[in-house]
Each structure stands twice: as structure tokens, then as C-alpha cells.
Amino acid sequence: MDRPFELLEAYRYCDRRGIPLVVSAIHHDREKVRRMRSGDDRLWSNLPPSIFDFASFGLQVAREPLSFRSRAATASRGFVNLLALRRRVSEALDQSHVIALSEAERGSLVRDFSYQARTLSIIRNGFDGAPSYSNAVRDIQMICVGRIEQRKRQLELLHTADKLGLGVTFVGSPNPNQRPYTDRFASLVAKSRFSTWTGAVTGDEVAAMLRRSVCSINASWVEVQSLVDIEAVSAGCWVGCTEDGGSSAELLGAPVRRFGAGDLEGVLRWAASQSPPAPPGNIVPSWDDVARDLIALYQGL
């Protein structure tokens with residue numbers, strides 16, 4: 001749903017051939033995206049949402065290995081769609097079978113596109129492996145896992161933590177497409193007396209670090225259903241998140257505490273005061289369970 005023009009291309013293709021279209025929405029709430037973009041000083045980031053979508057679409061088409069004629073035809077269809085984007089997306093969704101990850105995502109689709117949600121299934125993300133609620137040594141009080149980028153707000157979190165004299169262990173590789181943001185983060189964390197940054201690590205290393213952590217922080221502007229939050233709860237961590245960390249509060253239960261979108265100070269103070277281990281969260285389906293649900297849905301179509 002962050003690429004609406006691609007959705008419309010797929011819908012047109014399937015409609016002409018009588019093929020059922022299944023849309024895995026992964027939809028970021030438009031109001032939250034607007035709040036995220038409001039802090040970006042780049043001119044194009046402050047365009048109206050539909051124009052911003054079309055500009056992103058144009059850049060993507062320009063990068064495709066297509067002939068000039070094919071690019072021009074694709075771009076012209078996109079421009080026609082732009083004139084009635086919200087209505088066209090709503091029609092495409094209503095004529096497709098939509099998969100959402102949570103009730104919160106369903107609500108965002110309904111608000112943003114006047115979508116009727118008549119043919120929508122909720123299929124959650126999964127997790128494989130036994131939960132680890134052990135009393136093993138947890139020598140990392142606060143951890144923040146994820147690619148370093150504007151959406152996940154590590155720079156702002158680091159600045160607030162330094163102001164409070166609190167330390168956060170940041171884990172993740174820098175987003176190569178957001179160099180100004182990641183460069184500022186790298187410069188600030190190198191000077192920090194309290195926080196550290198590991199850079200990129202493997203999935204196994206992330207799992208091991210979560211088992212050593214008391215609280216995982218999710219300060220993202222926009223999420224749908226965070227896999228990191230699932231892994232953290234399964235590792236016996238508390239999870240502190242802004243807004244609702246996507247759908248973590250809805251789906252994971254007791255270990256998750258949510259705060260207002262701008263309350264980074266509240267998240268950090270709360271996370272710094274927690275003791276291990278966190279209470280068990282709600283049961284998360286295995287990926288095999290998720291696969292069976294998907295297969296059943298496709299067979300039904």
C-alpha cells in the first residue's frame with residue numbers, strides 16, 4: 001500500500017484476465033506517515049501525499065530496465081490514476097481479497113481509502129522457536145533493534161537518552177538511502193557517554209542479545225506488526241513502544257507498554273525502571289500455522 005500505483009497495475013492485469021487478486025496490504029497509516037515526514041526538511045518530503053506517491057513512483061519507473069516507450073506508457077497511466085488515486089485504490093481493494101496483519105491495520109485501510117473491508121482476512125506474523133523466559137543474566141537494560149533510518153527514529157531516541165543520562169544498545173545496519181540521517185546518528189552515538197551501536201549483526205546474534213536484554217524499545221513512527229517485538233517478547237523482554245508499535249500492544253499483550261507518539265522520554269524512563277523477566281506474552285502462531293492459513297485462503301479462491 002506504500003506503492004499504490006503498483007497495486008493499480010496489478011489490479012488491472014488480474015481484472016483483464018479474470019484472476020483473483022490477493023493484496024498483502026502492509027499498510028502504514030497515512031496520518032503517522034505525515035507526522036514522520038513533517039520533520040524531514042527535504043522539499044519533496046513535504047509534498048501532498050498523492051503527489052509524494054506519484055514522485056516516488058516516477059523515480060522507481062525511471063530505475064526500471066525498460067525502454068523509454070515502456071517507461072513513458074507506465075508513467076502516463078500513473079498520472080491518470082493520480083487524478084483519482086484514493087477512489088481507484090478503494091475500488092481495487094474492494095474487488096480484491098485483502099490480507100491484513102491486525103485489526104489496527106484494518107482500521108487504517110478503512111480510514112485512508114474508504115475501504116469497505118468486505119473481503120478481508122487477518123493473518124498474523126509468526127514465530128518459530130521456544131519462548132525463553134529464563135532468569136539468565138540480563139546485562140543489557142535497553143536495546144533498540146532495527147535498520148538505522150528515519151522511520152525507526154533512532155537518532156531522536158539517542159538524543160533523548162543522552163539528555164536523560166541513559167544508555168541504549170542500538171543494533172542494526174544503516175539504511176544506505178538515508179545517508180544524512182544515518183551520518184548524524186553515527187556521529188552522535190560515537191560521542192555518547194551512555195549508548196553504543198553494534199552496527200549490523202546476524203539474526204542469531206540478535207536473538208542472543210535479546211535474551212540478555214531487559215527491555216526492547218520500538219520508537220518507530222510507522223509499523224504494522226513488528227517482528228522484532230515478537231522476537232523480544234519471545235525472549236522474555238519487556239517492549240516499550242510509541243503509539244502502539246504497530247500492532248504489538250494488540251497482539252502481544254502483557255509485556256508491551258505503549259506511549260504517545262512524541263513521548264520518547266516516557267518510553268526511556270519506563271524501560272530503565274523495568275526488572276527481568278517480563279511476563280509471558282500472548283501465544284504467537286508458528287510460521288507453519290501462518291502458511292496453512294495462507295494455503296487455505298488461496299484454495300478458497
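The lone criterion from (1) at pLDDT 95 or above; (2) buried (at least 24 other Cβ atoms within 10 Å of the Cβ) left unmet by S273 is number (2).
With respect to (1) modelled with pLDDT under 95; (2) touching a helix residue (DSSP H, G or I) at 6+ places or on another chain (Cβ under 7 Å), the lone exception for P176 is condition (2).
Taking the listed residues R212, R292, the one that is within 21 Å of A130 (Cα to Cα), touching a residue at least 40 places away in the same chain (Cβ under 8 Å) and among the basic types (K, R) is R212, with no other qualifying. Within the bounds of segment 119-135, is there any residue that is touching a Lys or Arg at 6+ places or on another chain (Cβ under 8 Å), small (G, A, S), more than 18 Å from H28 (Cβ to Cβ) and surrounded by fewer than 13 Cβ atoms within 10 Å (Cβ to Cβ)? Looking for residues that are touching a Lys or Arg at 6+ places or on another chain (Cβ under 8 Å), small (G, A, S), more than 18 Å from H28 (Cβ to Cβ) and surrounded by fewer than 13 Cβ atoms within 10 Å (Cβ to Cβ), one finds at least one in segment 119-135, hence yes.
The residues in segment 232-258 that are in contact (Cβ under 8 Å) with a residue 24 or more places away in the chain and surrounded by fewer than 21 Cβ atoms within 10 Å (Cβ to Cβ) can be counted, and the count is 4.
Can S286 be described as more than 18 Å from the chain's Cα centre (by Cα), polar (S, T, N, Q) and within 17 Å of A161 (Cβ to Cβ)? Considered against the rule, which asks whether it is more than 18 Å from the chain's Cα centre (by Cα), polar (S, T, N, Q) and within 17 Å of A161 (Cβ to Cβ), S286 comes out as no.
Residue count for segment 276-293 under the criterion of being surrounded by fewer than 17 Cβ atoms within 10 Å (Cβ to Cβ), among the hydrophobic types (A, V, I, L, M, F, W, C) and in contact with a Pro (Cβ under 8 Å, 6 or more places away or on another chain): the result is 0.
Within the option set E223, E265, E205, being among the charged types (D, E, K, R) and crowded, with 20+ Cβ neighbours inside 10 Å holds for one residue only, E223. One residue alone among R153, R118, R147 is farther than 15 Å from S195 by Cβ and assigned by TED's automatic domain parsing to the domain that holds Q225, and that residue is R147. It is to be established whether one or more residues within segment 115-136 are of a type outside the set (F, W, Y), part of a strand (DSSP E or B) and in contact with a His (Cβ under 8 Å, 6 or more places away or on another chain). Yes, segment 115-136 has at least one match. Against the condition under 26 Å from P255 (Cβ atoms) and surrounded by 13 or more Cβ atoms within 10 Å (Cβ to Cβ), how does R184 come out, does it pass? No, not satisfied. Scanning segment 143-185 for residues that are touching a strand residue (DSSP E or B) at 6+ places or on another chain (Cβ under 6 Å), of a type outside the set (S, T, Y) and outside any loop (DSSP other than H, G, I, E, B) yields I143, C144, V145, I148, Q154, F170, V171, P174, F185.
Test R153 against the criterion of being at positive phi and surrounded by 15 or more Cβ atoms within 10 Å (Cβ to Cβ), and give yes or no. So R153 passes the test.
Taking S24, is it outside the structural domain of Q150 (by TED's automatic domain parsing) and at pLDDT below 90? When the stated conditions are applied, S24 does not pass them.
The values are calculated or read from the model by the stated rules, or taken from the named source; none is laboratory data. Since the model is a prediction, treat every value here as computed from it, not as a measurement. Cβ coordinates were reconstructed from backbone atoms using ideal geometry, including for glycine residues, and neighbour counts include every protein chain displayed.
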